[in-house]
């Protein structure tokens, strides 16, 4: 079902460039631009989110491949159809394979390296669907084999922003959901 937000999206024709260009990209890759048109009410917040992606997600200490992996795992678990459409494309562009995309829910699949499996396990603990998630000693030790402390913190902070945004997207009904999505379903 397409989003039906309470906050009315601004008309596309009123959007300033580069927001209009972002809207067109969203339509082309994800089939919807509701999120962008609602965020156009507060462009400074959308700019902050774009800065997060440029500085932390596509910059930072951790290779983008791992961040694309965790982002796709989270959007798949959460059931964000809007996110999944773009995240699959971005994951492929970052070097993940179709086999890995199909195995995103199985961290023990043979297609994953031990580092990738550890990142998937961390993502499972950070997911909104896991209120008991925890970075326990065993998971921390697994991660430490491949990532230093600043990288482990960056992985967690990146997922915190993504899961918080997911909750916002669902509660405000800004994105299309997968049929299995259990968050913020319009009542």
*Just need a number here: residues in segment 37-88 that are surrounded by 16 or more Cβ atoms within 10 Å (Cβ to Cβ), in a loop (DSSP other than H, G, I, E, B) and on the phi < 0 side of the Ramachandran plot.*
2
*Restricting attention to segment 123-139, report how many residues are part of a helix (DSSP H, G or I) and within 25 Å of residue 165 (Cβ to Cβ).*
5
*Residue list for segment 142-151, restricted to those being crowded, with 16+ Cβ neighbours inside 10 Å, assigned to a helix (DSSP H, G or I) and either in contact (Cβ under 8 Å) with a residue 60 or more places away in the chain or at positive phi (or both)*: 151
*Report whether or not residue 101 is within 30 Å of residue 33 (Cβ to Cβ), out of contact with any strand residue (DSSP E or B) (no Cβ under 6 Å at 6 or more places or on another chain), modelled with pLDDT of 95 or more and outside the structural domain of residue 68 (by TED's automatic domain parsing).*
no
*From 91, 166, grab the single residue that is within 20 Å of residue 30 (Cβ to Cβ), touching a strand residue (DSSP E or B) at 6+ places or on another chain (Cβ under 8 Å) and part of a helix (DSSP H, G or I).*
166
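One line per residue, one yes/no per condition, for (1) within 25 Å of residue 35 (Cα to Cα); (2) touching a helix residue (DSSP H, G or I) at 6+ places or on another chain (Cβ under 6 Å); (3) touching a residue at least 12 places away in the same chain (Cβ under 8 Å):
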position: 71; (1), (2), (3): yes, yes, yes
position: 83; (1), (2), (3): yes, yes, yes
position: 86; (1), (2), (3): yes, yes, yes
position: 111; (1), (2), (3): no, yes, yes
position: 114; (1), (2), (3): no, no, yes
position: 126; (1), (2), (3): yes, yes, yes
position: 138; (1), (2), (3): no, no, no
position: 153; (1), (2), (3): no, no, no
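The values are calculated or read from the model by the stated rules, or taken from the named source; none is laboratory data. Quantities reported herein were computed from a predicted structural model and do not represent experimental measurements. So basically every Cβ, Gly included, is an ideal-geometry build from the backbone, and we count neighbours across all protein chains shown.
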